[in-house]
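Report on the structure given below.
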Amino acid sequence: MSGRAAPRRFPARKARLAGITRPVVVLGLVSLLADLSSEMVYPLIPLFVTGTLGAPALALGVVEGVAEGTANLTKMLSGRWADRAGSRKPFVVGGYALAALGKGVLALAPGWPVALGGRAFDRFGKGLRTAPRDAMLADFAEPRYRGRVFGFHRAMDTLGAVAGPLVALALIALLEDRLRLVIAIAVVPGVAAVVALRWLPERQADRAADARDGRRWSELPGRYYLLLGITVLFMLGNSSDAFLILRAENLGLTTAMVVLAYVAYNAVYAALSLPAGVISDRIPRAWLLVAGWAAFAAVYAGFALAGDGAAVWPLFVAYGAYMAMTEGVSKALVADMAPGPLRASAMGLFQGVAGLAALLSSVAAGLLWDQVGPSAPFYLGAACALAAAVALGVFVHAGAIHPPSAATQAGG
């Protein structure tokens, strides 16, 4: 009998942590802090612009329309800028810093035009950082763990979305509805996110000469554009979550209950994002997108057919499951398809085009709500999602959308 003790093994822990490296954890923490900051502010913007600043509802529409348009257009360009520069981290740092600055400007705004500037700074920062950050996540992930890495990141990001509205509600009660002060406090976690980026390394590969060789969007593979086209079809029915909130109120929920239902949605989203990412590493990712879009179609059909507020709770829970199955998984799938030197460009183009389609969807949803009825936008969303799920399933089954070769995946 040997006198040596058997080596200690922790297989379960290693299995859970596999692929989640220190840079991935840093980016997750940064996103948690940044989303905590953003979600403290976002629910207060309508009250702040129309109440504190005394602006009309039209001004609120202009502020948020310009903000979201800025974010989506910047996403389309920032990835390309980062790839051409051969360095991604400065775009990430700059984006998070501009978002914190924008919230500070909003807190100090004497009128709605300055508030518009603050929101534009904030959303420009979001657009500037998103594609380069996602490309860095893909670079830090081994291909076999890429879904897990994006799932972990979405879980951390969404934890901030869970905490943000709750912290804002608590501060509103504590500070007696002084919204300007609550927005100013929200700058603190935004600044903390920027400080945390000092611990984020940048892989030398990101600065390689081939990242500056003039490659263009046209060099992305055909399966990437096929996936983008089907995603646009889906996004044309994916209107702003504000319509889910309006529908919940329309079905009889109080404002407090609507906020809690929104928190429940984010909690489910956070809890399921990592498991969904792990599953996407074990099966073709596109099949998880098909399942997620089918779930979206069922949720939107449920919102269209709902007769009272009791239906809102299970629908929001199912909506959180849809988000977990699609948000990080779609980013991992795009990363799989894109060569390393074009990865940020691919991310930015995909997110920007999809975001612009979602803006069109929100405009259409508003018209349908006013001219047809509250159920109409949800029938449109269910139809687009079902059509996109069927189309994607057909192309995946036919092999038109498939995992790239090992050589391509090794490019990151």
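For a Förster distance of 51 Å, can you work out the FRET efficiency between the beta-carbons of Val394 and Ala170, rounded to the nearest 0.05? With a Förster radius of 51 Å, E is 0.55. Sorted fewest first by neighbouring Cβ atoms within 10 angstrom, Ile183, Ile20 come out as Ile20, Ile183. As a rough footprinting exposure proxy, the listed residues Glu202, Glu176 were ranked by other beta carbons within 10 Å of their own, and the order from fewest upward is Glu176, Glu202. Taking all Cα pairs closer than 8 Å and separated by 6 or more residues, the relative contact order of the chain comes to 25 percent.
By the Cα gyration tensor, the stretch 86-150 has an equivalent ellipsoid whose semi-axes, rounded to whole angstrom, run 32, 10, 7 from largest to smallest. In this simple spin-label approximation, Leu181 and Ala271 carry label points 7 Å from Cα along the Cα→Cβ vector, and these lie 3.5 nm apart. Ranking of Tyr319, Tyr42, Tyr262 by neighbouring Cβ atoms within 10 Å, starting from the fewest: Tyr42, Tyr262, Tyr319. Against the chain, whose longest principal axis comes from its Cα atoms, helix 376-398 is set at around 10 degrees. Within the stretch 158-314, the proportion of C-alpha pairs whose separation exceeds 18 Å stands at 76%. Seen against the Cα atoms of the chain and their longest principal axis, helix 312-337 is set at about 40 degrees. Counting 0.36 nm for each residue step from Ala242 to Leu305 and taking away their Cα separation leaves a gain of 20.9 nm.
Here the sum of -39500 (n - 2.57) over DSSP H runs of 4 or more residues, divided by the residues of the chain, equals -25500 deg cm²/dmol at 222 nm, to the nearest 500.
Size descriptors for the stretch 216-403: radius of gyration and Dmax over Cα atoms are 16.8, 51 Å. Between Arg88 and any residue 5 or more places off or on another chain, the built amide H atoms are never under 5 Å apart. Hull volume per residue, based on the alpha-carbon atoms of the stretch 19-201 and their convex hull, is 102 Å³. Compared with the dominant principal axis of the Cα atoms in the chain, helix 89-108 is inclined by about 10°. Lys-Lys pairs in the chain that are eight or more residues apart or on separate chains and whose Cα atoms lie under 22 Å of each other come to 9. Based on Cα contacts under 8 Å between residues 6+ apart, the stretch 19-201 shows a relative contact order of 44 percent.
In the stretch 216-403, Cα pairs under 8 Å separated by at least six residues give a relative contact order of 43 percent. Stretched out straight at 0.36 nm per residue, the stretch from Ile283 to Val25 would grow longer than its current Cα-Cα span by 90.4 nm. With the simple model of a label 7 Å out from the Cα in the direction of the Cβ, Ala298 to Ala18 spans 2.9 nm. Please state the shape class of the chain: rounded when a/c is under 1.5, otherwise prolate if a/b exceeds b/c and oblate if not, all from the C-alpha gyration tensor. Rounded, because the longest to shortest axis ratio a/c is under 1.5.
A short reminder: the numbers here are calculations on the coordinates, not readings from a lab. Everything numeric here is computed off the predicted structure, so don't read it as measured data. Because the Cβ atoms are built from the backbone with ideal geometry, glycine has one as well, and the counts that use them run over all protein chains shown.
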